[in-house]
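Got a structure for you, written out below as structure tokens; questions coming shortly.
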Amino acid sequence: KEGAEKFTFQAEVNRLMDILIHSLYSNKEIFLRELISNAADALDKIRFLSLTDKGQLGETSDLEIRVKVDHDNKILTIQDTGVGMTRDDLVKNLGTIAKSGTSAFLEQMQKSNDINLIGQFGVGFYSVYLVADYVEVVSKHNDDKQWMWESGADGNFAVSEDTGESIGRGTVLKIHIKEDAQEYLEEAKLKELVAKYSEFINFPIYLYSSKEVEKEVPVEEQLAGDDEKETEEETDADKDDDEDSDDEAPKTKKVKETVWDWDLLNDNKALWLRSPSDVGDDEYANFYKALAKSDHEKAAAHVHFRAEGDVEFRALLYVPESAPPNFLADYYGHKPSLKLYVRRVFISDDFEELIPRYLSFLKGIVDSDTLPLSVSRETLQAHASLKVIKKKLVRKVLDSLKKMSDAEKDAAKGDSADEDDKAEAEKYGKFWKEFGRALKLGIIEDAPNRPRLAKLLRVRTSTDPEKLVTLDDYVSRMKEDQKQIFYLTGASVEDLQKSVFLEKLIQKGYEVIFFTEPIDEYVMTHVTEYDDKKFQDASKDDVKLGKDDKKGLKKLKEEFKDVLAWWKELLGAAVGQVKVSTRLATSPAIVLTSKYGWSANMERIMKSQAL
Ligand code: ADP
Ligand code: MG
């Protein structure tokens, strides 16, 4: 095109596009979900801007998405009246800026060949090349002229001023459908896909579609030709009227006719505003898929409630079945994914003030009645209500996890053969595997909720290291004379089972918790007791044994006085002190850490981190 400026895609993006355009992947349909979700995002943005500046909406005040097919030219058009993109946005967002998700997604795809997750990596737009060999994006942003971006996924794209018909505000995607993707030009297919993927989009989605209607035409008039078109279906009332006059000789004739009109495909209901008792399991499941931008992802649990009082809001939160990509690997870089609405208006999906970091794996929606609508993002972010909302969200989520955890316990007790019960019982175990470390981080970071989080812990112990048990399980099995909850930290269960620190405790029938993750050491510096019982590192020198064990200690001390003096001289400053004790059962001596020092395991961890 004349006057177009040419650009080359960022290298990784180019690779991704090349893979997509040549893909034989069968699940190409997800492109529609991604494009409609981008349209909805853009609509959310303009609606948000218009809250503080009414003028932003201008002439284009209907916020909507329109889908149309041009059968002759095999073009699918998706138009939104969203915020649009400036020339600069087009260049950056659709091509030259490297996105961190691109290579992560490519890597993921190599492993699973699953394109479905593309939206979660922030590169959803490019999925259009699953079905297109050429794409034109015409966009109009309030701050700029109307521009056109175009690319045939051949490594380049071009941007030029668009002097064609004005689109008002927003974005039009003209998708030239590939030979092997012609099904996406079929109305029925498009309807099916919108129903499947975009049911919960908060803006109306229209499809320009045809309809066969039966029409009564007066016999005389019919002779005059039937090129007169009508766009409305007859109502039942009309038919009744006709029947009344049927007694006379028929003056009309029924003919079939095709009419075209914009068909509303979604009823854009806000599921979270409904009462939980009115929402079915499948509705919850479908809503989750829409939130997660993935059609085979499931939630392990959901929390849906309405908070009343000074701060009113509704929330629908999901615990995903599996952790988001990079959730723990990039813990501090991971963005929360709760959507904040104020009275049904989308405000933001990256308010870190809404949910603590360790729970940022939750997906869902919070819709507040209390927060003010027409204020800046900064004002909202600092609003006092947000703290209250956050606190309540955390409580509710932890309660729900506790229920899941209890269900596991209950199911384990009864020997029900019921499949549902079994699934219930396995749920928490699965959750723990995915998110156990997140809860441990919670213990470190969220002091007020520490006791609640401790109840959700699962640990391995010396009794049966294969099994994960709760601290309640441990406490319920404590010996009568046992005052402390014993634990040992180390690199592996095998190492710990061989530990000399264990022998006396085991001999006495005490159970010892085995901690083998590096994070456990940090966790234990924050949890000092559970159920009024103090935690005790079994490798430290303040392990308390029963009175019986102290018997004869005085005599032994006397007996070994000279040996101790010799040891002390031999080891000098290398040790703090040399003591006679009853800590051991069979081994002659051990090196212990002082109560105030780092455990040997902590030394090991610190050393490995220093590398
Ligand atoms: P993501 O939506 O996760 O940011 P995408 O690859 O889907 O990633 O989209 C990239 C960017 O392109 C978006 O963040 C947005 O800035 C811009 N964009 C895409 N589609 C539209 C649209 N219909 N209207 C306005 N901006 C859009
Ligand atoms: Mg997107």
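The values are calculated or read from the model by the stated rules, or taken from the named source; none is laboratory data. Source: prediction; values computed, not measured. FYI the Cβ positions are ideal-geometry reconstructions off the backbone, even for glycines, and counts take in every protein chain you see.
Going by the structure shown, is V83 in a strand (DSSP E or B) and buried (at least 23 other Cβ atoms within 10 Å of the Cβ)? So that I can check it myself, show each step before the final result.
On the way: in a strand (DSSP E or B): no; buried (at least 23 other Cβ atoms within 10 Å of the Cβ): yes.
Judged against the criteria, V83 is not a match.
Further question on the same structure: Across segment 135-147, which residue is surrounded by the fewest Cβ atoms within 10 Å (Cβ to Cβ) among those that are assigned to a strand (DSSP E or B) and in contact with a helix residue (DSSP H, G or I) (Cβ under 8 Å, 6 or more places away or on another chain)?
Residues of segment 135-147 assigned to a strand (DSSP E or B): 135-140, 146-147.
Restricting the remaining residues to those that are in contact with a helix residue (DSSP H, G or I) (Cβ under 8 Å, 6 or more places away or on another chain) gives 135, 137, 139, 147.
Details: V135: 24, V137: 24, S139: 28, W147: 22.
Once the filter is applied, the top-ranked residue is W147.
Going through A4, A40 one at a time, which residue ends up being of a type in the set (G, A, S), within 16 Å of ligand 2 (Cβ to nearest atom) and either closer than 29 Å to Q182 by Cα or at pLDDT below 95 (or both)?
Among A4, A40, only A40 is of a type in the set (G, A, S), within 16 Å of ligand 2 (Cβ to nearest atom) and either closer than 29 Å to Q182 by Cα or at pLDDT below 95 (or both).
Then there is this: Which is surrounded by fewer than 19 Cβ atoms within 10 Å (Cβ to Cβ) and aliphatic (A, V, I, L, M), of A132, A153, A98?
Working: A132 fails: surrounded by fewer than 19 Cβ atoms within 10 Å (Cβ to Cβ); A153 fails: surrounded by fewer than 19 Cβ atoms within 10 Å (Cβ to Cβ).
None of the others qualify; the one that does is A98.
Looking at segment 588-605, which of its residues are over 42 Å from the mean Cα position of the chain (by Cα) and over 20 Å from A491 (Cβ atoms)? Please lay out each step first, then the result.
First, pick out the residues of segment 588-605 that are over 42 Å from the mean Cα position of the chain (by Cα): 588-594.
Within segment 588-605, P588, A589, S594 meet the criteria.
Can I ask one more? Among the numbered criteria (1) surrounded by fewer than 14 Cβ atoms within 10 Å (Cβ to Cβ); (2) among the aliphatic types (A, V, I, L, M); (3) modelled with pLDDT under 90, which single criterion is violated by L264?
(3)
From the list G119, G95, pick out the single residue that is within 16 Å of ligand 2 (Cβ to nearest atom), in contact with a strand residue (DSSP E or B) (Cβ under 6 Å, 6 or more places away or on another chain), modelled with pLDDT under 95 and under 30 Å from L24 (Cβ atoms).
Working: G119 fails: in contact with a strand residue (DSSP E or B) (Cβ under 6 Å, 6 or more places away or on another chain).
Checking each option against the conditions leaves just G95.
If you scan segment 547-574, which residues turn out to be part of a loop (DSSP other than H, G, I, E, B) and surrounded by 13 or more Cβ atoms within 10 Å (Cβ to Cβ)?
Pass one, segment 547-574, residues part of a loop (DSSP other than H, G, I, E, B): 551-552, 560.
If the condition is that a residue be part of a loop (DSSP other than H, G, I, E, B) and surrounded by 13 or more Cβ atoms within 10 Å (Cβ to Cβ), then F560 is the only one that fits.
What residue, among those in segment 161-173 that are surrounded by fewer than 20 Cβ atoms within 10 Å (Cβ to Cβ) and in contact (Cβ under 8 Å) with a residue 60 or more places away in the chain, is nearest to ligand 2 (Cβ to nearest atom)? Can you show your working first?
Step one: filter segment 161-173 for residues surrounded by fewer than 20 Cβ atoms within 10 Å (Cβ to Cβ), giving 161, 163-168.
From the residues that got through so far, the ones that are in contact (Cβ under 8 Å) with a residue 60 or more places away in the chain too are 161, 167-168.
Details: E161: 25, I167: 20, G168: 22 Å.
The qualifying residue nearest to ligand 2 (Cβ to nearest atom) is I167.
Might you check whether a residue that is out of contact with any Lys or Arg (no Cβ under 6 Å at 6 or more places or on another chain), part of a helix (DSSP H, G or I) and within 16 Å of ligand 2 (Cβ to nearest atom) occurs anywhere in segment 18-29? Working first, answer last.
Pass one, segment 18-29, residues out of contact with any Lys or Arg (no Cβ under 6 Å at 6 or more places or on another chain): 18-29.
Still in the running and part of a helix (DSSP H, G or I): 18-21.
Narrowing further to those that are within 16 Å of ligand 2 (Cβ to nearest atom): 20.
Scanning segment 18-29, I find at least one residue that is out of contact with any Lys or Arg (no Cβ under 6 Å at 6 or more places or on another chain), part of a helix (DSSP H, G or I) and within 16 Å of ligand 2 (Cβ to nearest atom), so the answer is yes.
Kindly indicate whether D88 is modelled with pLDDT of 95 or more, surrounded by fewer than 16 Cβ atoms within 10 Å (Cβ to Cβ) and within 14 Å of ligand 1 (Cβ to nearest atom). I'd like the intermediate steps shown before the answer.
Working: modelled with pLDDT of 95 or more: yes; surrounded by fewer than 16 Cβ atoms within 10 Å (Cβ to Cβ): yes; within 14 Å of ligand 1 (Cβ to nearest atom): yes.
Against the criterion (modelled with pLDDT of 95 or more, surrounded by fewer than 16 Cβ atoms within 10 Å (Cβ to Cβ) and within 14 Å of ligand 1 (Cβ to nearest atom)), D88 qualifies.
Considering segment 362-399 alone, what residues qualify as being part of a helix (DSSP H, G or I), acidic (D, E) and over 23 Å from A454 (Cα atoms)? Quick ask: steps written out before the conclusion?
Taking segment 362-399 and keeping what is part of a helix (DSSP H, G or I), we get 377-381, 384-399.
Pick out the ones that are also acidic (D, E) and you get 378, 399.
Within segment 362-399, E378 is the sole residue that qualifies.
Name the residue that is nearest to ligand 2 (Cβ to nearest atom), counting only residues in segment 59-72 that are assigned to a loop (DSSP other than H, G, I, E, B) and without any contact (Cβ under 8 Å) to a residue 12 or more places away in the chain. Don't jump to the end; show me each part of the working.
From segment 59-72, those assigned to a loop (DSSP other than H, G, I, E, B) are 59-64, 71-72; that's our starting set.
Narrowing further to those that are without any contact (Cβ under 8 Å) to a residue 12 or more places away in the chain: 61, 72.
Working: S61: 24, D72: 30 Å.
Of everything passing the filter in segment 59-72, S61 is nearest to ligand 2 (Cβ to nearest atom).
Kindly provide the set of residues from segment 313-328 that are modelled with pLDDT under 95 and either part of a helix (DSSP H, G or I) or farther than 29 Å from K28 by Cα (or both), ordered by number.
Within segment 313-328, L328 is the sole residue that qualifies.
Please specify each residue of segment 78-125 satisfying the condition of being within 21 Å of the chain's Cα centre (by Cα) and among the hydroxyl-bearing types (S, T, Y).
Going through segment 78-125, the residues within 21 Å of the chain's Cα centre (by Cα) turn out to be 99-109, 111-125.
Hits for segment 78-125 are S100, T102, S103, S112.
Quick one: P204 ticks every box in (1) under 30 Å from K253 (Cα atoms); (2) in contact (Cβ under 8 Å) with a residue 12 or more places away in the chain bar one, so which box is it?
Result: P204 passes all but (1).
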